[in-house]
Amino acid sequence: MSSSSQSRLLLSLLSPVASSTHQNSPKLSTSAMVPLPVHVVASNLSDEETEFWKQPDGEGYRPCLDFSLEYRKESAKISKEKRRFLMVMVSGGLNQQRNQIADAVVIARILKAALVVPVLKVNLIWRDDSKFSDIFDVEHFKNTLRADVRVVSSLPFKHFKLKETKIPHDASPHWIRARFGTQLNQEGLLILNGLDSKLSKNLPFDLQKLKCKVAFHALIFAAPIQELGNQLTRRMWIEGPYIAIHLRLEKDVWVRSGCQTGLGSDYDTVVAKFRNLQPEYLTGRINMSHIQRRRAGLCPLNALEIARLLKALGAPKQARIYTAGGEPFGGKKALQPLIAEFPNIVTKYTLARERELSPFINKSSAMAAIDYIVSLSSDVFVPSHGGNMGRAMQGHRAYVGHRKYIKPNKRAMLDYFDDASISETELGIIVRKVHRRSQGQPEPRTKRKDLDVVAYPVPECMCKRNTDSV
């Protein structure tokens, strides 16, 4: 199948709901961020290399955002709400922001309130003061959701009491209505702060579909970001298949994870000093040693471990690799073990031409968005650690056709990495066996109700059926 045919097929799977409540709403087929097609695997590769590039079987799953009749009937009134407003303050990096924005839309729907375009709080780690409109296409966001909630750029009244409220973990729709319904009716405004992953993951089907609609359709990036991201993507894609790796090697990641860098005692001493100065940054399981954390799979894979994983999985030595993420702690030294095995390493800095990145240099969310765009079109994506980017990419790649996504099973493989008696051939057999069922195949969320539908869109947002409608 040609590249253009694959693109048309993918777009056809993302066609609009036939019974949309708003004929003027943008078609979902044109609102989704769709990656470039995967490449045809070359015939001169070894069996291991061919298997590495092979895409998973999507088992016939395709997007299906068909909302219930009751949901669509309620939409007629909710989408015209002009008295009750929800404001939400979102924090963190790009993918934390995306998660919270999706939750904000769902909460506005639960409360039958109009949503004010979310406020992005200044990122305390990266000092990024970007506004929503700097990162996302506001008009597209409004138009895509016009049949679900009313989205406004600002409040129609200027004078109000600044009363911020937080929600507890695993807040259900019933709790939200009971807690805020009366307040919203009386005051006309609810301001929520600290949403991060606190909304229940186990929502009614219509609300799960709404989260997917926000994540995969409403939240496209502002034109300058999208255009540059598309340009860099084409430069990668035109040269053939490529791998995207989200490397979590920044200093703050080592500080927060309680792990050692693999760069030597001098670097680990620097990290330990920062961690001792700010112990509150250490995430969970404080009493575990760095060795126990690594064996439990709580540490990012360093460059050497990523190189060994790729090599064991059959990645060709000349494979082109796009590395997403911030500046690694240790600079070039941190990446050297990966470059030694896979010399064709590319970043947004090396891929961009002179001054193309200049408008975004001090804007971490914009830079992360560029990484997101290029990573989405990769033939293979590998996160070196869990986190919001990995989960976002896992769900988005599933939604657009189950593009290959290799989830490193650190707990299962690191013992073998440390065993010097195992040959590279044996290690390859073991690692491929360990990862046989973690390469992007459909993973139904029904197995674990605590999983986020945006990372696991099957079955609420994807289904098997003989129709081309979403």
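The values are calculated or read from the model by the stated rules, or taken from the named source; none is laboratory data. Keep in mind the model is a prediction, meaning the values are calculated, not measured. Please note: Cβ atoms are built from the backbone with ideal geometry, for glycine as well, and neighbour counts cover all protein chains shown. These area figures cover heavy atoms from the full protein model, side chains too; ligands, DNA and RNA do not enter into them. Shrake-Rupley method; radii C 1.70, N 1.55, O 1.52, S 1.80 Å.
Tabulated values for the structure
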quantity: The range 36-82, Cα convex hull volume normalised per residue, Å³; calculated: 134
quantity: Nearest-ten-degree value, helix 173-187 long axis tilted from longest Cα axis of the chain; calculated: 50
quantity: Rg and Dmax [Cα atoms of the range 267-389; Å; Rg one decimal, Dmax integer]; calculated: 16.3, 48
quantity: Stokes-Einstein diffusion coefficient of the chain, Kirkwood radius over Cα pairs, 37 °C, 0.692 mPa s, in µm²/s; calculated: 140
quantity: Cα→Cβ-extended label distance, 7 Å offset, between ASP129 and ALA42, nm; calculated: 5.0
quantity: Value at 222 nm in deg cm²/dmol, rounded to 500, when DSSP H runs of n ≥ 4 in the chain each add -39,500 (n - 2.57); calculated: -12000 deg cm²/dmol
quantity: Segment TRP175-ASP57, length gained on full extension (0.36 nm per residue, minus Cα span); calculated: 38.5 nm
quantity: Three-way shape label, the range 46-197, alpha-carbon gyration tensor, a/c 1.5; calculated: prolate
quantity: Placed amide H near TYR322: partners under 5 Å, 5+ positions off or other chain; calculated: ILE243, ALA244, ILE245, VAL346
quantity: VAL152 long-range amide H proximity, modeled H, under 5 Å; calculated: LEU115, VAL116, VAL117
quantity: Length-normalised contact order of the chain in % [C-alpha pairs under 8 Å, at least 6 apart]; calculated: 23
quantity: Phi to ³J(HN,Hα) by Karplus 6.51 cos²θ - 1.76 cosθ + 1.60 over the range 332-349, Hz, x for Gly, Pro; calculated: 5, 4, 5, 8, 4, x, 6, 5, 4, 8, 10, x, 8, 8, 10, 10, 5, 5
quantity: Under 14 Å from the GLU280 label point (7 Å along Cα→beta-carbon), backbone N, the range 194-212; calculated: none
quantity: The chain, accessible surface, carbon-and-sulfur percent (1.4 angstrom probe); calculated: 52
quantity: Rounded to 10°, Cα long-axis angle of helix 424-434 versus longest principal axis of the chain; calculated: 20
quantity: Under the Karplus curve 6.51 cos²θ - 1.76 cosθ + 1.60, θ = phi - 60°, whole-Hz ³J(HN,Hα) for the range 300-313, x wherever Gly or Pro sits; calculated: x, 6, 7, 4, 5, 5, 5, 4, 5, 5, 4, 4, 5, 7
quantity: Karplus-derived HN-Hα couplings along the range 449-456 (A = 6.51, B = -1.76, C = 1.60, θ = phi - 60°), whole Hz, x at Gly and Pro; calculated: 6, 8, 7, 7, 4, 5, 8, 10
quantity: FRET efficiency, 1/(1 + (r/R0)^6) with R0 60 Å, evaluated for SER68 and ALA420 via beta carbons; calculated: 0.55
quantity: With Cα atoms, 0 to 90° folded angle of helix 364-376 axis to the chain main axis; calculated: 70
quantity: Virtual paramagnetic centre 7 Å along Cα→Cβ of ALA412, amide N under 18 Å, in the range 422-444; calculated: 426-444
quantity: Relative contact order, percent, the range 55-205 [alpha-carbon distance under 8 Å, six or more residues apart]; calculated: 30
quantity: ILE291 versus ILE429: modelled label distance in nm, points set 7 Å from Cα along the beta carbon direction; calculated: 3.0
quantity: Length gained when the stretch LYS166-LYS121 is fully extended (0.36 nm per residue, less Cα-Cα span); calculated: 14.7 nm
quantity: Binned Cα-Cα distances of the range 55-125, short to long, each 5 Å bin given as a whole percent; calculated: 3, 14, 18, 16, 14, 14, 10, 8, 3, 0
quantity: Cross-link table LYS209/LYS464; LYS77/LYS142; LYS209/LYS449; LYS82/LYS201; LYS251/LYS348, entries beyond 18 Å C-alpha to C-alpha; calculated: LYS82/LYS201; LYS251/LYS348
quantity: Distance (nanometres) between label positions extended 7 Å along Cα→Cβ at THR269 and SER154; calculated: 5.5
quantity: Partner aspartates and glutamates for LYS447 [C-alpha distance under 15 Å; skip if fewer than 8 residues away on the same chain]; calculated: GLU460
quantity: By average C-beta atoms within 10 angstrom, highest first, the peptides 333-342, 383-392; calculated: 383-392, 333-342
quantity: Unit Cα scatterers, Debye sum, the range 292-345: log10 I(q)/I(0) for q = 0.21 Å⁻¹; calculated: -0.83
quantity: Average accessible surface area per residue within the chain, 1.4 Å rolling probe, Å²; calculated: 47
quantity: DSSP beta bridge pairing in the chain, given as percent antiparallel to the nearest 5; calculated: 10
